[in-house]
Amino acid sequence: MKNLKSILSILITVCLLSGMNSQNSYSQNSTNKIKPNETNLKKGKKISNAEVSKLINKNKKTLKKNSRGTWLLQEDFESGTFPPSGWTVTSGATQWEQNFVSGYGTGNYCMFYSNYNCNYSDNTIYTSGFPSLTQTGDKLVFDFAYAPYNDGTFDYYDNLEIFYYDDIDASWYSLIFYNGTDLQTAPGTSGNFEPASNEWGTKTIDIPANASSIYFQSWENCANDFFIDNIRVGVPAVTGNEASVEKVWAKGKLPLVYGVPDKISALIKNNSASPIYNLKSIS
């Protein structure tokens, strides 16, 4: 009987040790490249190569970094200090960090969030307060790069949400929620994604009046890493013509005969980021 008890005791000890050794820990500083168990992934999508290309082309719209405009907030992370002065990072198993890539390959740093580490921390990073409140027509502009995690069959996506602080209401509100497909700039990969200079896009978002700061929140799905750079709030500079004529209608036939009077209607497109108040008629 004692021998049997001894054997059972040894077996239980071995099982407990085996269970402990089978657990892996993942943190944002880990060099462990093993992907955590796929059972942690919430939902995958099987997307054709054609659809992936379409998503990437749609998301890779650019706004030149030197299109400076008038900015209440302008952060390119090139000081090398992270978080930047006045910014706040929520601490946790995974958190927003500095990374040594930069938007479109211009510069040395950006901020990134390692969803790949699979901690479900859903952490946030708060910007510094703006020197003045936003006004109607102001935009949030930022560069981004993202690729989903691919397990050989399905692509798995994380989500990103941005909030703004309304200084009048003294409350935080959601500005925009992005599904991972709205941020994809490169094909899915089974390893840690790191963007090349041509795997970036730019988002331009209307931001309500009276905002005084924003924060970014990753909603993790154990998929892959977010990269964000060149965050700006304000009025982007106008590039090219502020307005263009898209369509023209005439009561008579086109082309018009010289000297024959006619009234012409036209569709004018606003190419700028701000409302156009003055249009001069041509006679």
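Summary of computed values
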item	result
Inter-probe distance in nm under a simple model that places probes 7 Å from Cα toward Cβ, at residue 268 and residue 106	3.1 nm
Within region 82-119: backbone nitrogen closer than 19 Å to the residue 237 label point (7 Å, Cα to C-beta)	103-107
Inter-label distance, nm, simple model (7 Å from Cα along the C-beta direction), residue 98/residue 154	3.8 nm
Inter-label distance, nm, simple model (7 Å from Cα along the C-beta direction), residue 161/residue 135	3.2 nm
Contour excess over end-to-end distance, with Cα ends at residue 78 and residue 90 and 0.36 nm allotted per residue	2.2 nm
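Bear in mind that the values in this text are calculations on the coordinates, not laboratory data. For clarity, every value in this text was computed on a predicted model and none was experimentally measured. Here the Cβ is made from the backbone with ideal geometry for all residues, glycine too, and neighbour counts use every protein chain on show.
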